Amino acid sequence: MEYKVFIFSSGIFDGRKSFDFNKFNQVCGKYLVKINQIVITKYKSYSLALKKDNLIIFCDNKNIDQLIYSNIDCIGRQKKVIEDKIAVFGNDERNIVFIPIEFDINMLEHVFIEENRNYSQFHLFGLRENEVVEKLNIIKEQIETLEYHLIYENLVTHIYLSYLGDKEKRHEIEGEIARFFNQYIYSENDLTLALIVYRLLKLKDYKIAIWEISTNGIITSQLFKENSDFASVLEKAKFDYTECKDVDMLYEKALNFKKELSCEIALLVYRQEGEIEDCYQFAICYGNEIFLYKNIFKTDHKISLEMAKNAVLFNLAKKLRQNDITI
(Lines give C-alpha, C1' and ligand atoms only; values in the text may rest on other atoms or scores of the structure.)
Protein backbone atom coordinates (compact mmCIF):
# COMPACT_ATOMS: atom_id res chain seq x y z
CA MET A 1 0.00 0.00 0.00
CA GLU A 2 1.30 3.48 -0.90
CA TYR A 3 1.01 6.49 1.36
CA LYS A 4 1.65 10.20 1.18
CA VAL A 5 3.24 11.71 4.28
CA PHE A 6 2.59 15.19 5.64
CA ILE A 7 4.71 16.55 8.50
CA PHE A 8 3.13 19.64 10.04
CA SER A 9 5.72 21.25 12.30
CA SER A 10 7.21 24.72 12.41
CA GLY A 11 10.23 23.35 14.28
CA ILE A 12 11.04 20.67 11.70
CA PHE A 13 10.21 23.01 8.81
CA ASP A 14 12.64 25.63 10.15
CA GLY A 15 15.32 23.06 10.99
CA ARG A 16 15.08 23.57 14.75
CA LYS A 17 13.90 19.99 15.27
CA SER A 18 14.83 16.76 13.52
CA PHE A 19 12.80 13.88 12.16
CA ASP A 20 14.26 10.38 11.94
CA PHE A 21 13.53 9.53 8.31
CA ASN A 22 15.67 6.38 8.34
CA LYS A 23 13.77 4.90 11.26
CA PHE A 24 10.45 5.91 9.70
CA ASN A 25 11.34 4.28 6.35
CA GLN A 26 12.47 1.08 8.07
CA VAL A 27 9.30 0.74 10.12
CA CYS A 28 7.14 1.32 7.04
CA GLY A 29 9.28 -0.89 4.81
CA LYS A 30 9.15 -3.72 7.31
CA TYR A 31 5.40 -3.94 6.79
CA LEU A 32 5.56 -3.35 3.02
CA VAL A 33 4.29 0.21 3.17
CA LYS A 34 5.56 2.40 0.31
CA ILE A 35 5.99 6.15 0.69
CA ASN A 36 5.52 8.03 -2.58
CA GLN A 37 5.77 11.58 -1.26
CA ILE A 38 6.87 13.40 1.91
CA VAL A 39 5.83 17.01 2.50
CA ILE A 40 7.19 19.10 5.38
CA THR A 41 5.25 22.27 6.10
CA LYS A 42 4.09 24.60 8.83
CA TYR A 43 0.68 23.88 10.28
CA LYS A 44 -2.30 25.80 8.92
CA SER A 45 -5.84 24.70 9.59
CA TYR A 46 -6.72 24.97 5.90
CA SER A 47 -3.46 23.54 4.52
CA LEU A 48 -4.59 19.97 3.88
CA ALA A 49 -7.63 18.90 1.89
CA LEU A 50 -8.05 15.19 2.59
CA LYS A 51 -8.94 13.44 -0.64
CA LYS A 52 -8.75 9.76 -1.58
CA ASP A 53 -5.04 9.26 -0.84
CA ASN A 54 -3.67 7.04 1.89
CA LEU A 55 -2.10 9.51 4.29
CA ILE A 56 0.29 9.46 7.25
CA ILE A 57 0.10 12.79 9.04
CA PHE A 58 2.53 13.92 11.74
CA CYS A 59 1.53 17.02 13.65
CA ASP A 60 2.62 18.88 16.78
CA ASN A 61 0.56 17.82 19.79
CA LYS A 62 -1.11 21.19 20.16
CA ASN A 63 -2.51 21.06 16.60
CA ILE A 64 -3.31 17.40 15.95
CA ASP A 65 -6.76 17.40 17.58
CA GLN A 66 -7.75 20.48 15.62
CA LEU A 67 -6.52 18.90 12.39
CA ILE A 68 -8.62 15.79 12.98
CA TYR A 69 -11.69 17.76 14.05
CA SER A 70 -11.57 20.12 11.07
CA ASN A 71 -11.52 17.15 8.67
CA ILE A 72 -13.86 14.82 10.53
CA ASP A 73 -16.53 14.95 7.83
CA CYS A 74 -14.26 13.52 5.11
CA ILE A 75 -12.06 10.99 6.88
CA GLY A 76 -14.67 8.27 7.37
CA ARG A 77 -15.24 6.00 10.31
CA GLN A 78 -12.66 5.58 13.07
CA LYS A 79 -10.80 2.29 12.78
CA LYS A 80 -8.67 2.24 15.91
CA VAL A 81 -6.76 4.35 18.41
CA ILE A 82 -3.36 3.19 19.66
CA GLU A 83 -2.38 4.11 23.21
CA ASP A 84 -4.62 7.21 23.03
CA LYS A 85 -2.06 8.74 20.67
CA ILE A 86 -2.25 7.40 17.11
CA ALA A 87 -5.67 7.79 15.49
CA VAL A 88 -6.37 5.63 12.43
CA PHE A 89 -9.36 6.38 10.22
CA GLY A 90 -10.33 4.57 7.06
CA ASN A 91 -12.50 2.42 4.89
CA ASP A 92 -11.95 -0.15 2.16
CA GLU A 93 -10.32 2.43 -0.12
CA ARG A 94 -7.89 4.31 2.12
CA ASN A 95 -6.33 4.79 5.54
CA ILE A 96 -5.51 8.10 7.22
CA VAL A 97 -3.13 7.91 10.17
CA PHE A 98 -2.67 10.85 12.55
CA ILE A 99 0.47 10.76 14.73
CA PRO A 100 1.88 13.28 17.21
CA ILE A 101 5.45 14.16 16.18
CA GLU A 102 6.68 13.49 19.71
CA PHE A 103 5.38 9.90 19.64
CA ASP A 104 7.57 6.81 19.18
CA ILE A 105 7.68 5.97 15.45
CA ASN A 106 7.98 2.27 16.28
CA MET A 107 4.33 2.37 17.35
CA LEU A 108 3.42 2.52 13.66
CA GLU A 109 3.96 -1.24 13.64
CA HIS A 110 0.57 -1.59 15.37
CA VAL A 111 -1.05 0.31 12.50
CA PHE A 112 0.34 -1.68 9.59
CA ILE A 113 0.89 -5.24 10.82
CA GLU A 114 -1.60 -7.83 9.56
CA GLU A 115 -2.30 -10.69 11.95
CA ASN A 116 -2.68 -13.28 9.19
CA ARG A 117 0.72 -12.61 7.64
CA ASN A 118 4.28 -13.48 8.63
CA TYR A 119 7.12 -10.97 8.38
CA SER A 120 10.87 -11.43 7.92
CA GLN A 121 13.76 -9.11 7.21
CA PHE A 122 17.26 -9.51 5.83
CA HIS A 123 20.00 -6.93 5.53
CA LEU A 124 22.70 -7.26 2.88
CA PHE A 125 25.89 -5.58 1.82
CA GLY A 126 27.67 -5.67 -1.52
CA LEU A 127 24.96 -6.15 -4.14
CA ARG A 128 23.34 -3.63 -6.46
CA GLU A 129 19.61 -3.14 -6.11
CA ASN A 130 18.82 -4.71 -9.50
CA GLU A 131 20.75 -7.86 -8.53
CA VAL A 132 18.67 -8.25 -5.37
CA VAL A 133 15.39 -7.67 -7.23
CA GLU A 134 16.29 -10.25 -9.88
CA LYS A 135 16.87 -12.97 -7.28
CA LEU A 136 13.80 -12.06 -5.20
CA ASN A 137 11.59 -12.32 -8.28
CA ILE A 138 12.84 -15.88 -8.79
CA ILE A 139 11.82 -16.76 -5.22
CA LYS A 140 8.48 -14.97 -5.64
CA GLU A 141 7.66 -17.19 -8.64
CA GLN A 142 7.90 -20.21 -6.33
CA ILE A 143 5.96 -18.71 -3.40
CA GLU A 144 2.71 -17.08 -4.52
CA THR A 145 1.90 -15.17 -1.31
CA LEU A 146 5.39 -13.66 -0.96
CA GLU A 147 5.61 -9.87 -1.08
CA TYR A 148 8.80 -7.86 -0.66
CA HIS A 149 9.93 -4.28 -0.22
CA LEU A 150 13.49 -2.94 -0.56
CA ILE A 151 15.31 0.04 0.89
CA TYR A 152 18.67 0.48 -0.85
CA GLU A 153 21.48 2.92 -0.06
CA ASN A 154 25.21 2.80 -0.70
CA LEU A 155 25.50 -0.96 -1.30
CA VAL A 156 23.37 -1.77 1.76
CA THR A 157 20.00 -3.36 0.97
CA HIS A 158 17.22 -3.86 3.51
CA ILE A 159 14.82 -6.62 2.41
CA TYR A 160 11.41 -6.81 4.06
CA LEU A 161 9.23 -9.84 3.32
CA SER A 162 5.67 -10.85 4.14
CA TYR A 163 3.93 -14.14 3.33
CA LEU A 164 1.22 -16.55 4.37
CA GLY A 165 2.08 -19.90 5.92
CA ASP A 166 3.34 -21.81 8.93
CA LYS A 167 6.84 -22.45 10.29
CA GLU A 168 7.56 -24.84 7.44
CA LYS A 169 6.86 -22.07 4.91
CA ARG A 170 9.07 -19.69 6.89
CA HIS A 171 11.95 -22.20 6.79
CA GLU A 172 11.41 -22.62 3.04
CA ILE A 173 11.61 -18.88 2.38
CA GLU A 174 14.58 -18.32 4.68
CA GLY A 175 16.34 -21.25 3.04
CA GLU A 176 15.84 -19.71 -0.41
CA ILE A 177 17.07 -16.30 0.82
CA ALA A 178 20.17 -17.92 2.32
CA ARG A 179 20.82 -19.85 -0.89
CA PHE A 180 20.80 -16.69 -3.00
CA PHE A 181 22.31 -14.14 -0.60
CA ASN A 182 24.20 -16.08 2.09
CA GLN A 183 27.61 -14.38 1.86
CA TYR A 184 26.03 -10.92 1.66
CA ILE A 185 23.70 -11.18 4.70
CA TYR A 186 24.88 -9.37 7.82
CA SER A 187 21.66 -9.26 9.85
CA GLU A 188 18.19 -10.79 10.11
CA ASN A 189 16.97 -8.21 12.61
CA ASP A 190 17.28 -4.45 13.11
CA LEU A 191 20.98 -4.49 14.05
CA THR A 192 23.11 -2.15 11.93
CA LEU A 193 26.69 -2.85 10.86
CA ALA A 194 28.08 -0.40 13.42
CA LEU A 195 26.05 -1.95 16.20
CA ILE A 196 27.11 -5.48 15.22
CA VAL A 197 30.80 -4.50 15.30
CA TYR A 198 30.42 -2.93 18.76
CA ARG A 199 28.49 -5.89 20.22
CA LEU A 200 30.99 -8.42 18.89
CA LEU A 201 33.90 -6.46 20.36
CA LYS A 202 32.07 -6.29 23.68
CA LEU A 203 31.16 -9.99 23.56
CA LYS A 204 34.75 -11.02 22.89
CA ASP A 205 36.11 -8.48 25.40
CA TYR A 206 38.35 -7.04 22.64
CA LYS A 207 39.86 -3.62 22.18
CA ILE A 208 40.16 -2.09 18.72
CA ALA A 209 42.50 0.59 17.36
CA ILE A 210 41.37 2.59 14.31
CA TRP A 211 43.58 4.65 12.00
CA GLU A 212 41.76 6.55 9.26
CA ILE A 213 43.76 8.31 6.55
CA SER A 214 41.95 10.96 4.44
CA THR A 215 38.46 9.72 5.44
CA ASN A 216 37.53 12.52 7.86
CA GLY A 217 37.06 9.90 10.59
CA ILE A 218 33.76 8.71 9.11
CA ILE A 219 34.04 5.11 10.39
CA THR A 220 34.92 6.00 13.96
CA SER A 221 32.21 8.68 13.99
CA GLN A 222 29.60 6.15 12.88
CA LEU A 223 30.63 3.70 15.60
CA PHE A 224 30.32 6.41 18.25
CA LYS A 225 27.06 7.71 16.79
CA GLU A 226 25.32 4.33 17.10
CA ASN A 227 27.00 3.13 20.31
CA SER A 228 27.19 5.52 23.25
CA ASP A 229 29.57 3.14 25.06
CA PHE A 230 31.97 2.66 22.13
CA ALA A 231 34.83 4.30 24.07
CA SER A 232 34.89 1.19 26.29
CA VAL A 233 36.12 -0.98 23.37
CA LEU A 234 38.28 1.64 21.63
CA GLU A 235 41.99 1.50 22.36
CA LYS A 236 42.92 4.44 20.12
CA ALA A 237 41.53 6.46 17.21
CA LYS A 238 43.88 8.25 14.83
CA PHE A 239 43.06 10.53 11.88
CA ASP A 240 45.57 12.11 9.51
CA TYR A 241 46.60 12.52 5.87
CA THR A 242 49.68 10.27 5.78
CA GLU A 243 50.71 9.07 2.33
CA CYS A 244 50.40 5.38 1.48
CA LYS A 245 52.22 4.76 -1.80
CA ASP A 246 51.41 1.08 -2.23
CA VAL A 247 49.96 -2.00 -0.56
CA ASP A 248 53.31 -2.88 1.05
CA MET A 249 53.35 0.45 2.87
CA LEU A 250 49.75 -0.08 3.97
CA TYR A 251 50.69 -3.51 5.31
CA GLU A 252 53.68 -2.15 7.26
CA LYS A 253 51.73 0.74 8.72
CA ALA A 254 48.92 -1.56 9.86
CA LEU A 255 51.34 -4.09 11.37
CA ASN A 256 53.30 -1.45 13.29
CA PHE A 257 50.08 0.23 14.45
CA LYS A 258 48.83 -3.00 16.02
CA LYS A 259 52.17 -3.83 17.61
CA GLU A 260 52.44 -0.35 19.07
CA LEU A 261 49.11 -0.61 20.86
CA SER A 262 49.04 -4.34 21.72
CA CYS A 263 45.28 -4.61 21.18
CA GLU A 264 43.36 -7.58 19.81
CA ILE A 265 42.31 -5.95 16.53
CA ALA A 266 43.49 -2.97 14.51
CA LEU A 267 41.97 -1.28 11.48
CA LEU A 268 43.74 1.00 9.03
CA VAL A 269 41.79 2.69 6.22
CA TYR A 270 43.37 4.74 3.42
CA ARG A 271 41.44 6.83 0.91
CA GLN A 272 42.94 8.05 -2.37
CA GLU A 273 40.58 10.46 -4.10
CA GLY A 274 40.71 10.84 -7.86
CA GLU A 275 38.86 12.86 -10.49
CA ILE A 276 36.96 9.88 -11.91
CA GLU A 277 37.19 7.25 -9.16
CA ASP A 278 38.10 6.92 -5.50
CA CYS A 279 40.29 4.08 -4.28
CA TYR A 280 39.98 2.72 -0.74
CA GLN A 281 42.44 0.28 0.75
CA PHE A 282 42.10 -1.04 4.25
CA ALA A 283 43.78 -3.57 6.50
CA ILE A 284 42.27 -5.54 9.36
CA CYS A 285 44.87 -6.92 11.77
CA TYR A 286 43.25 -9.74 13.69
CA GLY A 287 45.23 -12.13 15.86
CA ASN A 288 48.43 -12.98 14.00
CA GLU A 289 46.99 -12.25 10.55
CA ILE A 290 46.54 -9.16 8.39
CA PHE A 291 43.71 -9.07 5.85
CA LEU A 292 43.97 -6.56 3.00
CA TYR A 293 41.05 -5.15 1.00
CA LYS A 294 40.67 -2.78 -1.93
CA ASN A 295 37.56 -1.05 -3.29
CA ILE A 296 37.29 1.33 -6.24
CA PHE A 297 34.14 3.43 -6.58
CA LYS A 298 33.27 5.49 -9.66
CA THR A 299 30.66 7.83 -8.20
CA ASP A 300 30.26 11.06 -6.28
CA HIS A 301 32.98 11.50 -3.62
CA LYS A 302 30.48 11.70 -0.75
CA ILE A 303 28.67 8.57 -1.92
CA SER A 304 31.95 6.68 -2.37
CA LEU A 305 32.91 7.57 1.20
CA GLU A 306 29.61 6.14 2.50
CA MET A 307 30.07 2.98 0.41
CA ALA A 308 33.60 2.56 1.75
CA LYS A 309 32.40 3.03 5.33
CA ASN A 310 29.86 0.26 4.82
CA ALA A 311 32.48 -1.99 3.19
CA VAL A 312 34.87 -1.54 6.12
CA LEU A 313 32.20 -2.21 8.78
CA PHE A 314 30.85 -5.23 6.87
CA ASN A 315 34.26 -6.89 6.59
CA LEU A 316 35.17 -5.98 10.15
CA ALA A 317 31.97 -7.64 11.40
CA LYS A 318 32.71 -10.65 9.21
CA LYS A 319 36.15 -11.14 10.77
CA LEU A 320 34.81 -10.68 14.29
CA ARG A 321 32.18 -13.33 13.57
CA GLN A 322 34.76 -16.02 12.92
CA ASN A 323 34.06 -19.33 14.69
CA ASP A 324 30.32 -18.77 14.08
CA ILE A 325 29.80 -16.28 16.87
CA THR A 326 26.34 -14.77 16.47
CA ILE A 327 24.48 -12.00 18.22
| note | Here, ASP73 and GLU93, labelled 7 Å along Cα→Cβ, have an inter-label distance in nm of 1.7 nm
| field | Where chymotrypsin sites (Phe, Trp or Tyr not before Pro) fall in DSSP loop in region 221-327, at most 14 other Cβ within 10 Å | value | TYR241
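Taking 0.36 nm per residue of separation and subtracting the Cα-Cα distance, what length does fully extending VAL247 through THR41 add? Each step should come with its number before you reach the end.
On the way: separation 206, 0.36 × 206 = 74.16 nm, distance 5.13 nm.
Between VAL247 and THR41, full extension yields an extra 69.0 nm.
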| Between LYS238 and residues 5 or more places away or on another chain, which pairs have amide H atoms under 5 Å apart, with H built 1.01 Å from N, and which residues are they? | ILE210, TRP211, GLU212
| Put ARG271, ARG321, ARG128, ARG179 in order of accessible area, largest first, 1.4 Å probe: what do you get? | ARG179, ARG128, ARG321, ARG271
| request: Could you check the simple spin-label distance between LYS17 and HIS171, using points 7 Å along Cα→Cβ, in nm with one decimal? | output: 4.9 nm
| said: Ordering LEU191, LEU292, LEU316 by accessible area with a probe of 1.4 Å, largest first, what comes out? | reply: LEU292, LEU191, LEU316
| Calculated from the structure, Cα Rg over 2.2 N^0.38 Å equals which of [x] 0.95; [y] 0.91; [z] 1.17? | [z]
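Roughly how big is the chain's charge dipole about its Cα centre, with Cβ charges of +1 (Lys, Arg) and -1 (Asp, Glu), in debye to the nearest 20? Spell out each step's value before the answer.
On the way: 43 positive and 50 negative charges, 103 e Å.
Dipole of the chain, to the nearest 20 debye: 500 debye.
Can you pick out the pairs among LYS169/LYS204; LYS135/LYS236; LYS34/LYS169; LYS23/LYS167; LYS169/LYS298; LYS23/LYS245 whose Cα atoms lie more than 30 Å from each other?
Working: LYS169/LYS204 35 Å; LYS135/LYS236 42 Å; LYS34/LYS169 25 Å; LYS23/LYS167 28 Å; LYS169/LYS298 41 Å; LYS23/LYS245 41 Å.
Among LYS169/LYS204; LYS135/LYS236; LYS34/LYS169; LYS23/LYS167; LYS169/LYS298; LYS23/LYS245, the Cα-Cα distance tops 30 Å for LYS169/LYS204; LYS135/LYS236; LYS169/LYS298; LYS23/LYS245.
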| request: Set the Förster distance to 41 Å, then compute FRET efficiency between ILE82 and LYS318 from the Cβ-Cβ distance, nearest 0.05. | output: 0.55
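What FRET efficiency comes out for the pair GLU134/ASN189, r = Cβ-Cβ distance, R0 = 25 Å, nearest 0.05? Write out the running numbers ahead of the final one.
Values: r = 25 Å, r/R0 = 1.00.
E(calc), rounded to 0.05, equals 0.50.
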| Integer Hz, Karplus 6.51/-1.76/1.60 couplings in order for region 101-110, x for Gly and Pro | 4, 6, 7, 5, 4, 4, 5, 4, 3, 6
| query | Given H placed on each backbone N at 1.01 Å, which residues far from TYR3 in sequence or on other chains put an amide H within less than 5 Å of it? | reply | LYS34, ILE35, ASN36
| field | Helix-only mean residue ellipticity at 222 nm for the chain, each DSSP H run of n ≥ 4 adding -39500 (n - 2.57), per residue, nearest 500 | value | -10500 deg cm²/dmol
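The values are calculated or read from the model by the stated rules, or taken from the named source; none is laboratory data. Everything numeric here is computed off the predicted structure, so don't read it as measured data. Glycine gets a Cβ as well: all are built from the backbone with ideal geometry, and neighbour counts include every protein chain shown. Please note that ligands, DNA and RNA were not included when accessible areas were found on the heavy atoms of the full protein model with its side chains. Shrake-Rupley method; radii C 1.70, N 1.55, O 1.52, S 1.80 Å.
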